[in-house]
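Readers should treat all values here as calculations from the given coordinates under stated rules, not as data from a laboratory. These figures come from a predicted structure and were not determined experimentally. Cβ coordinates were reconstructed from backbone atoms using ideal geometry, including for glycine residues, and neighbour counts include every protein chain displayed.
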Amino acid sequence: MITRRKLIKNSILASSAALMPKLVNAQSGSGLIKRAIPKTGEELPIIGLGSSATFSSLANDADATALREVLSALINNGGTVFDTAPSYGGGSSEEVAANFVNELGIADDLFWATKVNVVPRRSAITTADATAAWTQIERSFAMLDKPVIDLIQVHNLADLPTQMGILRELKQDGRIRYLGTTWTGEQRHEDLAEVMRNEPLDFVGFDYAIDNRAAAETLLPLAQDLGIATLIYLPFGRSRLWSRVSGRQLPDFAAEIGADSWAQFFLKFIAAHPAVTSITPSTSKPANMIDNIGGGIGELPDADLLRRMAAHVDALPQA
């Protein structure tokens, strides 16, 4: 089992490797838990990296070089899954990340998951323009400079007939390996479940956290029954959980699963569900990326400990 000292050591190696044309994964046997994609058996590390929230905020800054270090830390510590979207960071997040990935020469080391959605937010428009969708997708290909993208999902269930039809065509042509759709927010869980039952999805992405457990009642069991891989979003409830535990010590029983930070405590709770394929917390700090990786190493809570963990957080004041 990899110790925290070794993880920290690799974060230093990652910073140095960022200057090299090609990163070398020094922890290919790191012990980072992996889960299989049901449709193919391909295994993915259970901890990945998202590019919304703090990642996308930094992507808009003049100096976004810290994001290169975050990507390096992900790869050098056994992670591969990177989740992004053309809309994150006002359109800059995916582009900035792709630039650093190409600069570091790690495109083939990543499982690149992006999205398509050309339906404007907060508007009366509900139908996607197929030409605009194709243009957005081709731009994603051009930025990554890679002939095949691992996963594209229809973002936020937007006009599935048009945009899912495009993804099916891309998959048939071998330009994408997997397709799926996403939604964050409990209000459309039933809609998402219906899509899961009726569309040939490889992946589905939704929110799940220790204080946001609705997906465990419906979406996660359904994904398991249907053989659909899952990407878990908002594992920290954006900043909600950090507000709830601010200034508080971890409970003593966190040591039972080797969690020595709140991030690891929250991530191990999520990872314990067998239908979770990969969790994609967003961060703009390499040290946080290393900490998150620790949430996918070692013991996971059993049913009794899961109840204790949830009860402990539920007892905290709401943010």
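Couple of notes before you dig in:
- Computed from the C-beta positions of Q224 and R121 and an R0 of 30 Å, the FRET efficiency is 0.45 to the nearest 0.05.
- For segment 224-233, backbone phi angles converted through the Karplus equation (6.51, -1.76, 1.60; θ = phi - 60°) give residue-by-residue couplings of 5, 5, 8, x, 10, 6, 10, 10, 9, 9 Hz, Gly and Pro being listed as x.
- Seen from M143, the other residues with C-beta closer than 13 Å to its C-beta sum to a net charge of -3, counting Lys and Arg as +1 and Asp and Glu as -1.
- Rounded to 5, the percent of DSSP beta bridges in segment 152-309 classed as antiparallel: 5
- Net +/- balance of residues flanking H312 in space, Cβ distance below 11 Å, scoring K and R +1, D and E -1: +1
- Centre separation in Å (Cα based) which lies between segment 238-268 and segment 134-183: 36
- Dimensions of segment 223-310 along the principal axes, based on C-alpha atoms and rounded to the nearest Å, stand at 41, 32, 22, largest first.
- Amide H to amide H distances under 5 Å link S282 with G50, where only residues 5 or more positions off or on other chains count and H is placed in the peptide plane.
- Taking amide H atoms as placed 1.01 Å from N in the peptide plane, the amide H of V81 lies under 5 Å from those of L49, F111, each 5 or more residues away in sequence or on another chain.
- Summed side-chain charge close to T182 - residues other than T182 whose Cβ falls under 11 Å, Lys, Arg +1, Asp, Glu -1: 0
- (1) 15.8; (2) 21.8; (3) 18.7, with the label sought being that of the calculated mean projected area of the Cα convex hull in nm²: (1)
- Projected label points at Q187 and R139, each 7 Å from Cα along the beta carbon direction, are separated by 2.7 nanometres.
- Within a Gaussian network of the chain (alpha carbon springs, distance under 10 Å), most fluctuating of Q163, Q264, Q136: Q136
- Here's the picture: a label point sits 7 Å out from the Cα of T40 along the beta-carbon direction, and within segment 269-292 the residues with their amide nitrogen under 15 Å of it are 278.
- Evaluated over the chain, the count of Lys pairs having alpha-carbon atoms less than 15 Å apart is 4 (only pairs 8 or more residues apart or interchain).
- In this structure, the amide hydrogen of V154, modeled 1.01 Å from its nitrogen in the peptide plane, lies closer than 5 angstrom to those of V116, G180, T181, T182, counting only residues at least 5 positions away or on a different chain.
- Spin-label pair D61/L250, simplified geometry with 7 Å Cα→Cβ offset, distance in nm: 2.7
- Taking each DSSP H run with n ≥ 4 as -39500 (n - 2.57) and averaging over every residue of the chain yields -12000 deg cm²/dmol at 222 nm.
- Nearest-20 debye value, the chain charge dipole, Cβ charges on Lys, Arg, Asp, Glu: 540
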